[in-house]
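Have a look at the structure below before the remarks.
The values are calculated or read from the model by the stated rules, or taken from the named source; none is laboratory data. Please read these numbers as outputs of a predicted model, since none were measured by experiment. Glycine gets a Cβ as well: all are built from the backbone with ideal geometry, and neighbour counts include every protein chain shown.
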Amino acid sequence: MRTLHNQEYVLTPKDLIISKTDLEGNITYVNNDLIRISGYTREELIGMPHNIFRHSDMPKEVFASLWRAIKQRVFWSGVVKNRTKHGGFYWVRADITQIYDENRKSIGYMSVRRHVSPKEIEKAKKLYADINAGNSWSFMPFK
């Protein structure tokens, strides 16, 4: 059941958001939970840059760290605030990894996003507010 708090969609433990992109970050696949939660249609999303979901509260440094990791074939996991089509938001634990073809050639990325605890969200809010205030940091994924 959808729970809203000031345009926040609160994921349930049953929600599982999956998307895939090409190597440039353009969306190639979205599952039904992503469509339902984000408010976008499949047609609106396919071919769009994945940062369509980036919420303005999210520091650019987090995504720079994410891209550095996944381009080096390192699994990335962290708490992320995403934006919906109509200006709302939702918090997720994002797990991102590379997708390979049968020859072990990298062909894109897959992101699996799921429910995150209120305690983890509060930790992320504090970290991101600190980063956005200009304080230096070294991003370590939330584990």
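Inside segment 43-69, can you point out the residues that are of a type in the set (D, E, K, R), closer than 19 Å to Asp130 by Cβ and more than 12 Å from the chain's Cα centre (by Cα)?
Pass one, segment 43-69, residues of a type in the set (D, E, K, R): 43-44, 54, 57, 60-61, 68.
Cutting the leftovers down to closer than 19 Å to Asp130 by Cβ gives us 54, 57, 60-61.
Of everything in segment 43-69, those that are of a type in the set (D, E, K, R), closer than 19 Å to Asp130 by Cβ and more than 12 Å from the chain's Cα centre (by Cα) turn out to be Asp57, Lys60, Glu61.
Rundown of residues vs (1) surrounded by fewer than 13 Cβ atoms within 10 Å (Cβ to Cβ); (2) within 20 Å of Leu127 (Cα to Cα), yes/no style:
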| position | (1), (2) |
| --- | --- |
| Asn31 | no, no |
| Ala64 | yes, yes |
| Arg68 | yes, yes |
| Arg83 | no, yes |
| Val92 | no, yes |
| Ile107 | no, no |
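Take segment 51-62 and flag every residue that is crowded, with 17+ Cβ neighbours inside 10 Å and touching a Phe, Trp or Tyr at 6+ places or on another chain (Cβ under 8 Å). It would help to see each step written out before you state the result.
Kept after step one, since they are crowded, with 17+ Cβ neighbours inside 10 Å, are these residues of segment 51-62: 53, 58-59, 62.
If the condition is that a residue be crowded, with 17+ Cβ neighbours inside 10 Å and touching a Phe, Trp or Tyr at 6+ places or on another chain (Cβ under 8 Å), then Met58, Pro59, Val62 are the ones that fit.
Looking at (1) touching a His at 6+ places or on another chain (Cβ under 9 Å); (2) within 23 Å of Asp101 (Cα to Cα), find the lone condition where Pro49 falls short.
Here Pro49 clears every test but (1).
Considering segment 61-102 alone, what residues qualify as being under 22 Å from Leu45 (Cβ atoms) and of a type in the set (Lys, Arg)?
Result: Lys81, Arg83, Lys85, Arg93.
Of everything in segment 70-81 that's within 12 Å of the chain's Cα centre (by Cα) and not charged (D, E, K, R), which residue is surrounded by the fewest Cβ atoms within 10 Å (Cβ to Cβ)? Write out each step before concluding.
Our first condition is that a residue be within 12 Å of the chain's Cα centre (by Cα); within segment 70-81, this holds for 76-81.
This time we only want the ones that are not charged (D, E, K, R), so: 76-80.
Details: Trp76: 20, Ser77: 16, Gly78: 23, Val79: 21, Val80: 24.
So the residue we want is Ser77.
Quick one: Tyr128 ticks every box in (1) modelled with pLDDT under 95; (2) under 18 Å from the mean Cα position of the chain (by Cα); (3) under 19 Å from Ile70 (Cα atoms) except a single one, so which number is it?
(3)
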